[in-house]
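Data first, discussion second: the structure below is written as structure tokens.
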Amino acid sequence: MYGMINRAVKDLIVERFGADTWDRIRHKAGVTETEFLSMEQYDDATTYSLVAASSEELGVSAEEILQAFGEYWIEYTGAAGYGEIMRAAGNSLPEFLGNLDQLHTRIRFGMPQLRPPSFRVSEEADGSLLLRYTSHREGLAPLVVGLVKGLAKRFGETAEVSLISPRSETQSYDEFRVVRSPRETATSSMG
């Protein structure tokens, strides 16, 4: 993964729990880097180790860590120079989700080693969305839940995101149902 992912993990932990907590997590994960270069490639194992160590240090599940990170990632990338490209990707949650693959294609020009996931979205008769997520990386369905919730906030909505059909030996994708409603107040389990 590109370093901007690990840098965002660090920033999330430091923002919410402080630099000392980050240092303990980094050491537990066996990560020697004190800083991550956004455009440098890091082994996926580094990121997975940081998630596992964060889970252990904070006493929450890896799924909660990934979901909180997904929500944070939307805010983080918008502030880290990708706001304009995100605005161009759509004016609503369904439109944005439908354009995610094209957004990743545009980003890939600056990150040639990027191996992005693929997203397919369809609107159901009841107004809910079906979202298919395909990735060469395993175990990131909770991250997608957080991403969708973060995107919903971006569009002034809340979203209930349910994994209805997980990836398996016979299915190459995770499938989610997304039920949207106008935003009231949102909270995160990580503060």
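Please treat every number below as a calculation from the coordinates, not as lab data. Keep in mind the model is a prediction, meaning the values are calculated, not measured. A quick note on method: Cβ atoms are made from the backbone with ideal geometry, for glycine too, and the neighbour counts reach across all protein chains shown.
A few points about this structure:
- Listed residue (166, 133, 122) projecting farthest to the positive dipole end of the stretch 91-182, Cβ model: 133
- Think of the chain as a dipole: +1 on every Lys or Arg Cβ, -1 on every Asp or Glu Cβ, centred on the Cα centre; then among 143, 156, 51, 156 lies furthest on the positive end.
- Loop-exposed GluC sites (Glu not before Pro) per DSSP, neighbour cap 16 Cβ within 10 angstrom, longest uninterrupted part of the chain: 41-123
- Between the stretch 128-183 and the stretch 53-99, the alpha-carbon centres lie 12 Å apart.
- Charge dipole of the stretch 91-182 (Cα centre as origin; +1 on each Lys and Arg Cβ, -1 on each Asp and Glu Cβ, all else neutral): 420 debye, rounded to the nearest 20.
- Spin-label model distance (nm) - residue 44 vs residue 28, 7 Å beyond Cα toward Cβ: 2.3
- You can think of it this way: the chain between residue 52 and residue 163 has 37.8 nm of extra reach, that is 0.36 nm per residue less the Cα-Cα gap.
- Ordered by the number of other Cβ atoms lying within 10 Å of each residue's own Cβ, fewest first, 135, 122 fall into the sequence 122, 135.
- Residue with peak Gaussian network fluctuation, the chain [Cα springs, cutoff 10 Å], from 126, 23, 44: 126
- Within a Gaussian network of the chain (alpha carbon springs, distance under 10 Å), most fluctuating of 176, 69, 155: 155
- Those aspartates and glutamates that a straight Cα-Cα span of less than 12 Å connects to residue 10, excepting residues fewer than 8 apart in one chain: 20, 23, 33, 35
- Of 19, 141, 53, the one that fluctuates the most in a GNM where the chain has Cα springs shorter than 10 Å: 19
- Matching label, Rg and Dmax of the Cα atoms in Å computed from the structure shown, candidates (i) 15.4, 44; (ii) 16.3, 51; (iii) 33.0, 121: (ii)
- Pair residue 183, residue 87: separation of 7 Å Cα→Cβ label points (nm): 1.6
- Cut-off under 5 Å, modelled amide H: who pairs with residue 165 long-range: 175
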